[in-house]
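The structure under discussion is supplied below as structure tokens; questions concerning it will follow.
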Amino acid sequence: MESQKQYKPKFSFEFYPPKTPEAIGKLQTTQAELAKLKPDFFSVTFGAGGSTRDMTFETVMDIREKTGIEAAPHISCIGSQTDEIKSILDKYIESGIKRIVALRGDLPSGSVGYGQFRYANELVEFIRKETGDHFHIEVAAYPEFHPQAPNPKSDMENFKKKVDAGANSAITQYFYNPYAYYSFIDNCEKLGVSIPIVAGIMPIVSCTQLVRFSESCGAEIPRWILKRLQEFGDDRVSIRQFGIDVTTELCEQLLTNGAPGLHFYSMNQSVASVAIWRNLGIDQRVSD
Ligand code: FAD
């Protein structure tokens, strides 16, 4: 973990673009609550369809205007042509956006063709070629390995390709076993990768939702956590409290061992994240 200890920890929240008027209203409340914690930045995911993509930009602009806090759009490249990506980048530059989360993304079912990008390292390379050092580029990292990776070694080498292409820092997929993260960092150090790799944190608010997400993204739910969650049944209050306790302890361990920050997958909700930040005292920290 030595490579990571040199960085002052950064703390951030992720949102997804809301689709309905109710969801827009809910996000406004959530972003106002979370802004009080003074995160270093918010980020907003990017979907496969055209309208969701526009909503990423609109959500980013709204957050920045209403909270005064930096908001970073995610951008995914699979299925896209270079001119589409270039026009999105141009729009972001014109709007004063300086941080971007660059991803490959996943092809929606039924879509044909990969477009002009196959992997995220090609997107990072393209962003650097077209826009120089304008953007701080974040990329994704997978301590428990990407579900499509043929083996851990090639996944690590592919992660390094994104760093070599010009990524400034990374955010991990969520995990509940801190040793997966420590081992990932050790492997990065062996490959000479020393950029900050911020731990992605998923607060637990629903057992079924967590199981569904974890199956699709390849994150492991430790057996003891799953068994306890199942035991709570429909008791949402107990699930939330258990989730807050488990996640607080995970975050404490990660920070004590030198993680250079935490990125919370907020799911556009604030209660669990606020409780965890208060438990950790992050809300009291002095930011830059
Ligand atoms: P890559 O880094 O390209 O890796 C994908 C797979 O290809 C891996 O198995 C890797 O080993 C392999 N690979 C990579 N490069 C090469 C290469 N050059 N040659 C051969 N094999 C290679 N998805 C969205 O749609 N929108 C979002 O906003 C979004 N935000 C995310 C934020 C975070 C922090 C994370 C962790 C994930 C996010 N995702 C998002 C999900 C992500 O798009 C998927 O996990 C996707 O399957 C992989 O994207 P990637 O950028 O990690 O891909």
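The values are calculated or read from the model by the stated rules, or taken from the named source; none is laboratory data. Everything numeric in this text was worked out from a predicted model, so none of it was measured. Every residue, glycine as well, gets a Cβ built from its backbone with ideal geometry; the counts of neighbours run over all protein chains shown. Accessible surface areas use protein heavy atoms only, side chains included; no ligands, DNA or RNA. Shrake-Rupley method; radii C 1.70, N 1.55, O 1.52, S 1.80 Å.
So is Met55 part of a helix (DSSP H, G or I) and at pLDDT below 95 or not?
Numbers: part of a helix (DSSP H, G or I): yes; at pLDDT below 95: yes.
Criteria met by Met55.
Right, here's the next one. If a residue must be in contact (Cβ under 8 Å) with a residue 40 or more places away in the chain and open to solvent by 70 Å² or more (accessible area, probe 1.4 Å), how many such residues does region 74-92 contain?
Matching residues across region 74-92 total 0.
Could you list, in sequence order, all residues of region 49-70 that are away from the ligand (no atom under 13 Å from the Cβ) and aliphatic (A, V, I, L, M)? Write out each step before concluding.
Taking region 49-70 and keeping what is away from the ligand (no atom under 13 Å from the Cβ), we get 50-51, 54, 58, 61-70.
The answer is Met61, Ile63, Ile69.
If you scan region 159-185, which residues turn out to be of a type in the set (Phe, Trp, Tyr) and over 14 Å from the mean Cα position of the chain (by Cα)?
First pass over region 159-185, keeping only residues of a type in the set (Phe, Trp, Tyr): 159, 174-176, 179, 181-182, 184.
Answer for region 159-185, where residues must be of a type in the set (Phe, Trp, Tyr) and over 14 Å from the mean Cα position of the chain (by Cα): Phe159, Tyr176, Tyr179, Tyr181, Tyr182, Phe184.
For region 204-225, does any single residue satisfy the condition of being hydrophobic (A, V, I, L, M, F, W, C) and over 21 Å from Tyr265 (Cβ atoms)? Give the derivation first.
Step one: of region 204-225, the residues hydrophobic (A, V, I, L, M, F, W, C) are 204-205, 207, 210-211, 213, 217, 219, 221, 224-225.
Next, only the ones that are over 21 Å from Tyr265 (Cβ atoms) stay: 224.
Among the residues of region 204-225, at least one is hydrophobic (A, V, I, L, M, F, W, C) and over 21 Å from Tyr265 (Cβ atoms), which makes the answer yes.
Please pick out the residue among Phe159, Phe175 that is farther than 29 Å from Thr82 by Cβ and buried (at least 23 other Cβ atoms within 10 Å of the Cβ). Give the derivation first.
On the way: Phe159 fails: farther than 29 Å from Thr82 by Cβ.
Testing whether each residue is farther than 29 Å from Thr82 by Cβ and buried (at least 23 other Cβ atoms within 10 Å of the Cβ) leaves just Phe175.
Just name the residue that is surrounded by the most Cβ atoms within 10 Å (Cβ to Cβ) out of those in region 267-286 that are in contact with a Leu (Cβ under 8 Å, 6 or more places away or on another chain) and hydrophobic (A, V, I, L, M, F, W, C).
Initially, region 267-286 is screened for residues in contact with a Leu (Cβ under 8 Å, 6 or more places away or on another chain), giving 268, 270, 273-274, 277, 280, 282-283.
Keeping just the survivors that are hydrophobic (A, V, I, L, M, F, W, C) gives 274, 277, 280, 282.
Values: Val274: 19, Trp277: 25, Leu280: 17, Ile282: 21.
Filtering first and then ranking leaves Trp277.
Residues of region 71-91 being within 14 Å of the ligand (Cβ to nearest atom) and in a helix (DSSP H, G or I), which ones? Break it down stepwise before answering.
Within region 71-91, the subset within 14 Å of the ligand (Cβ to nearest atom) is 71-80, 85, 88.
Within region 71-91, Ile85, Ile88 qualify.
I want to confirm something. Restricting to region 93-122 and keeping residues that are near the ligand (Cβ under 8 Å from one of its atoms) and either among the hydrophobic types (A, V, I, L, M, F, W, C) or over 18 Å from Ala170 (Cβ atoms) (or both), which single residue is surrounded by the most Cβ atoms within 10 Å (Cβ to Cβ)?
In the first step, residues of region 93-122 are kept if they are near the ligand (Cβ under 8 Å from one of its atoms); the result is 101-106, 118-122.
From the residues that got through so far, the ones that are either among the hydrophobic types (A, V, I, L, M, F, W, C) or over 18 Å from Ala170 (Cβ atoms) (or both) too are 101-103, 106, 118, 120.
Details: Val101: 26, Ala102: 29, Leu103: 20, Asp106: 15, Arg118: 12, Ala120: 25.
If we take residues in region 93-122 being near the ligand (Cβ under 8 Å from one of its atoms) and either among the hydrophobic types (A, V, I, L, M, F, W, C) or over 18 Å from Ala170 (Cβ atoms) (or both), then Ala102 is surrounded by the most Cβ atoms within 10 Å (Cβ to Cβ).
Kindly evaluate Tyr16 against the criterion of being more than 16 Å from the ligand (Cβ to nearest atom), in contact with a Ser or Thr (Cβ under 9 Å, 6 or more places away or on another chain) and closer than 30 Å to Gly281 by Cα. Working first, answer last.
Details: more than 16 Å from the ligand (Cβ to nearest atom): no; in contact with a Ser or Thr (Cβ under 9 Å, 6 or more places away or on another chain): yes; closer than 30 Å to Gly281 by Cα: yes.
In short, no.
Sticking with this one: Of all residues in region 1-49, count the ones that are surrounded by fewer than 20 Cβ atoms within 10 Å (Cβ to Cβ), in a helix (DSSP H, G or I) and in contact (Cβ under 8 Å) with a residue 24 or more places away in the chain.
Final tally of qualifying residues: 10.
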